[in-house]
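Please treat every number below as a calculation from the coordinates, not as lab data. What you are looking at is a predicted structure, and each value in this text was computed from that prediction instead of being measured. Glycine gets a Cβ as well: all are built from the backbone with ideal geometry, and neighbour counts include every protein chain shown.
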Amino acid sequence: MATSGGTKAIVAALAANLTIAVLKFVAFALTRSSSMLAEAIHSLADSGNQILLLVGGKRAARQASPEHPFGYGRERYIYAFIVSIVLFSVGGLFALYEAFQKFREPHAIEGRFWWVPLAVLIGALVAESFSLRTAIIESNHVRGTQSWVQFVRKAKSPELPVILLEDIGALLGLVFALVGVSMTLLTGDGLWDAAGTAMIGVLLVAIAVVLALETKSLLLGEAASGKDLRKIEAALANNGATTIIHLKTLHLGPEEILVAAKISVEHQETGREIAEEINAAEERIRAAVPAATVIYLEPDLYRGDRLRVEASGDAGAEASAAPTHAQGEE
């Protein structure tokens with residue numbers, strides 16, 4: 001399940017977007033502003049996305065089964081990827097289509113309720129600001145010393161980066177809509193409204209592409225972070241008592257790491273001694289990195305500079321090299 005902080009940010013964004021979507025649809029019905037329609041669809045798409053994130057978190061919490069022995073943690077990545085598709089198609093492409101239609105047949109904002117879009121947009125800016133503030137506060141609890149760009153790119157839990165990008169996109173979209181509506185009211189030229197709608201569409205497509213690329217990397221499988229990887233290596237090495245011949249890590253889910261390693265043992269050690277050494281190493285790893293829920297350690301004799309090369313795809317090949325270590329993200 002999503003972390004409590006992530007869930008809090010999702011619920012805050014969902015409440016804001018549902019309320020704002022209704023108000024934007026009312027404003028569109030009264031004025032026929034394309035910017036208001038694009039923003040209403042944007043808020044509706046965001047609301048659906050937040051529901052998808054909550055569903056993904058719930059489904060990911062299911063226990064492992066014989067068919068899925070490593071559990072369902074990656075469902076959170078799948079639902080985050082679906083979010084990017086929804087944002088691209090429902091939000092971005094619809095806004096671009098609406099802008100194209102408005103450019104073909106521009107018209108001024110209609111009706112005596114010309115002030116309604118302005119009131120709705122200003123109110124939406126306030127509501128989205130509170131939603132973004134919640135997402136920032138919750139992200140700071142887990143961001144550490146990373147920059148915001150690094151946090152979005154390297155976070156293993158997809159919920160907070162998704163909400164952050166959606167909230168930033170929502171605020172920028174509201175600014176574009178406010179400029180388009182205001183200039184249309186001042187000049188009577190509907191092309192301003194169309195331009196604001198087009199900017200909203202381009203913005204949503206760009207955010208959707210960023211989300212898709214980052215989530216794709218998580219779906220393909222990412223190693224543990226550099227910080228966790230160093231802890232795992234230190235726990236395995238046990239102050240130099242053990243040589244790491246080969247080490248790989250993989251995130252099975254945001255809070256689940258698979259650790260697979262080949263470690264050296266002395267040729268005179270008995271089976272019992274080797275088993276005890278492996279069990280002790282597993283305990284050290286779990287103590288250092290609690291997210292390391294699945295650990296496979298293979299004992300082997302260290303051959304000095306003659307190491308098996310497995311990354312190349314030729315399991316039987318050998319090469320002269322120093323003990324290898326998996327590379328994680330810094």
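Spread over its residues, the convex hull of the C-alpha atoms of the range 4-220 is 110 Å³ per residue.
Summing -39500 (n - 2.57) over the DSSP H runs of n ≥ 4 in the chain and dividing by its residue number, what mean residue ellipticity at 222 nm do you reach, to the nearest 500 deg cm²/dmol?
-21000 deg cm²/dmol
Checking the Cα-Cα distances for Lys8/Lys102; Lys8/Lys231; Lys216/Lys262; Lys102/Lys156; Lys58/Lys102; Lys24/Lys154 against a 32 Å cut-off, the pairs over it are Lys8/Lys102; Lys102/Lys156; Lys58/Lys102; Lys24/Lys154.
Arranged from fewest to most other beta-carbon atoms within 10 Å of their beta carbon, Thr187, Thr197 become Thr187, Thr197.
Two tests apply to each whole DSSP H helix in the chain, Cα reach of 18 Å or more along its axis and mean Kyte-Doolittle hydropathy of at least 1.6, and the ones passing both are 159-187, 191-220.
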